[in-house]
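Undergrad: Have a look at this one.
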Amino acid sequence: MSVSAKIKSLTPPDISERKGKTPIVCLAAYTTPVARMIDAHCDLVLVGDSVGMVMHGLPNTLGVTMDMMEMHGKAVRRGIKQALMVVDMPFGSYEQSKEQAFENAARLMRTTECGAVKLEGGRAMAETIEFLVSRSIPVMAHVGLTPQSVNVFGGYKTQGTGNDADGIFDDAKAVQEAGAFSVVCEKIPDPLARRITKELEIPTIGIGASVHCDGQILVMDDLMGMFTEFRPKFVKRYALLGEKVEECARQYAEDVRARQFPAPEHVYDYAGD
Ligand code: KIV
């Protein structure tokens, strides 16, 4: 092992050790510039398969491929110095067998240099998680509303509001027993998220779940207000960048049509011009 002068990134054990301590800050991002801007503020940056909907205009995450995750993973890697980078395993890349999961998880770790992978599912995925963890692949689990199962759920409804609550609790327990270093709890009621957080020894990372989870995760584009049409209730927008982007394009179009572009005060002083 050689000594490196690089800044030390957080590791899965660092995240696990934060259980019950200061809340763990996580964001999902997909590009180098955004990763660069958020790295210093995050403990964990997820290259989420939400990239398919947010950046590629897909109707859900089911069409996301390994190639897409690899490409965005490599891009985010270039922008991250200190946060733990986790890459989502896309639909169809891990469910068939634990061997399939290992092959694809190893590929993501090798090519993107991420510190861990995330996959969706509870009890049904426990054996796979155990297989990966025992073969040097740290796994973040994801229970509750698992978006890759949107067709089974019949939409993006809150899960665990009825008889299914105990099942979600069992899912969270199962992924912990299997060796996951943390678990995302998506869109479940506050009391269930609190119960899971209280009973588990690994950190829970909430999204639309409870402020009492050990950490929170949101999609950076939601936070920035990049979309005008769609806004999950649990998202707090810190800016309305979508409107700003539209306004930039509108003003630019006006300038071009009025032959006002480039306006003298906006001409860049390129070296060598
Ligand atoms: O794909 C994603 O971005 C996610 C999180 C928001 C949890 O899975």
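The values are calculated or read from the model by the stated rules, or taken from the named source; none is laboratory data. Note that the structure is a prediction, hence the values are computed from the model and not measured. Here the Cβ positions follow ideal geometry from the backbone for every residue, glycine too, while neighbour counts run over all protein chains shown. Please note that ligands, DNA and RNA were not included when accessible areas were found on the heavy atoms of the full protein model with its side chains. Shrake-Rupley method; radii C 1.70, N 1.55, O 1.52, S 1.80 Å.
Undergrad: Give me a comma-separated list of calculated 3J(HN,Hα) values for the stretch 110-115, in order, Karplus coefficients 6.51, -1.76, 1.60 applied at θ = phi - 60°, integers in Hz, x for any Gly or Pro.
TA: Along the stretch 110-115, the couplings run 5, 7, 9, 6, 6, x Hz.
Undergrad: From the phi angles alone, apply the Karplus equation (6.51, -1.76, 1.60; θ = phi - 60°) to the stretch 9-22 and give each ³J(HN,Hα) in whole Hz, x where the residue is Gly or Pro.
TA: Calculated HN-Hα couplings, in order: 6, 5, 10, x, x, 4, 5, 4, 5, 7, 3, x, 9, 5 Hz.
Undergrad: Here is a follow-up. Which residue, chosen from SER210, ALA172, GLY57, occupies the Cα position most advanced towards the positive end of the dipole of the chain, where the dipole is computed from +1 (Lys, Arg) and -1 (Asp, Glu) charges on Cβ about the Cα centre?
TA: SER210
Undergrad: Another question about this same structure. Mind giving me the nanometre distance, one decimal, between the label points for ARG257 and LYS74, set 7 Å out from Cα along Cα→Cβ?
TA: For the pair ARG257/LYS74, the computed spacing is 4.1 nm.
Undergrad: Quick one: Karplus J couplings for the stretch 201-217, per residue in order, coefficients 6.51, -1.76, 1.60, θ = phi - 60°, nearest Hz, x for Gly and Pro?
TA: These are the phi-based 3J(HN,Hα) values: 8, 9, x, 9, 10, x, 9, x, 10, 7, 5, 8, 5, 6, x, 9, 9 Hz.
Undergrad: Per residue, how much accessible area does the stretch 53-206 show when a 1.4 Å probe rolls over the protein heavy atoms, in square angstrom?
TA: 42
Undergrad: Could you tell me the relative contact order of the stretch 186-242? Use alpha-carbon pairs under 8 Å, at least six residues apart, and round to a whole percent. Can you show the working numbers first?
TA: Working: 79 pairs, mean separation 14.9, N = 57.
Relative contact order comes out at 26 percent.
Undergrad: Taking every DSSP beta bridge that has both residues in the stretch 12-241, what percent is antiparallel when rounded to the nearest 5?
TA: Numbers: 1 of 31 bridges.
Given both bridge residues lie in the stretch 12-241, the antiparallel proportion sits at roughly 5 percent.
Undergrad: Specify whether the C-alpha gyration tensor of the stretch 16-100 places it in the rounded, prolate or oblate class, a ≥ b ≥ c being the square roots of the eigenvalues: rounded for a/c under 1.5, otherwise prolate if a/b is larger than b/c and oblate if not.
TA: oblate
Undergrad: Using a probe of 1.4 angstrom, how much of the accessible area of the chain is carbon and sulfur, in percent?
TA: 55
Undergrad: Need one number for the stretch 33-72: average projected area of the convex hull over its C-alpha atoms, nm².
TA: Mean projected area of the Cα convex hull: 3.1 nm².
Undergrad: Report the residue, chosen from ALA258, ALA101, ALA29, that carries the largest GNM mean-square fluctuation when the chain is represented by alpha-carbon nodes joined by springs under 10 Å.
TA: ALA258
Undergrad: Separate question: Could you tell me which of rounded, prolate or oblate describes the stretch 133-203, using a ≥ b ≥ c as the square roots of the eigenvalues of the alpha-carbon gyration tensor, with rounded for a/c under 1.5 and, failing that, prolate when a/b is larger than b/c and oblate otherwise?
TA: The shape class here is oblate.
Undergrad: Another question, then. For a quick check, take a GNM of the chain with Cα springs below 10 Å and name the residue from HIS41, HIS142, HIS212 with the largest mean-square fluctuation.
TA: Per the Cα network of the chain with a 10 Å cutoff, HIS41 tops the list.
Undergrad: Using a 7 Å offset from the Cα along the Cα-to-Cβ direction at both GLU243 and LYS81, what is the distance between the two label points in nm, to one decimal?
TA: 3.4
Undergrad: Given the pairs LYS118/LYS173; LYS98/LYS187; LYS19/LYS187; LYS19/LYS198; LYS21/LYS198, which span a C-alpha to C-alpha distance of over 18 angstrom in this model?
TA: Over 18 Å Cα-Cα: LYS98/LYS187; LYS19/LYS187.
Undergrad: Mean separation of Cα pairs under 8 Å and 6+ residues apart, divided by the residue count of the stretch 71-210: what relative contact order is that in percent?
TA: Relative CO of the stretch 71-210 lands at 20 percent.
Undergrad: For the pair ARG123/ASP164, report the inter-label distance in nm, with labels modelled 7 Å from Cα in the Cβ direction.
TA: With each label point 7 Å from Cα toward Cβ, the separation is 1.4 nm.
Undergrad: Then there's this: Farthest toward the dipole's positive end in the stretch 12-241, which of GLY92, VAL47, ALA106, given Cβ charges of +1 (Lys, Arg) and -1 (Asp, Glu) about the Cα centre?
TA: With unit charges placed on the Cβ atoms, the residue in question is VAL47.
Undergrad: Under a GNM of the chain (C-alpha, springs under 10 Å), which listed residue has the highest mean-square fluctuation: PHE261, PHE102, PHE227?
TA: Judging by the Gaussian network model, the answer is PHE261.
Undergrad: Something else now. Please provide three numbers in whole Å: the alpha-carbon extents of the chain along the principal axes, with the largest listed first.
TA: Reported extents, whole Å, longest axis first: 65, 51, 36.
Undergrad: Still on this structure, I have one more. Over the stretch 170-270, what relative contact order in percent results from Cα pairs under 8 Å that are six or more residues apart?
TA: Worked out over the stretch 170-270, it gives 16 percent.
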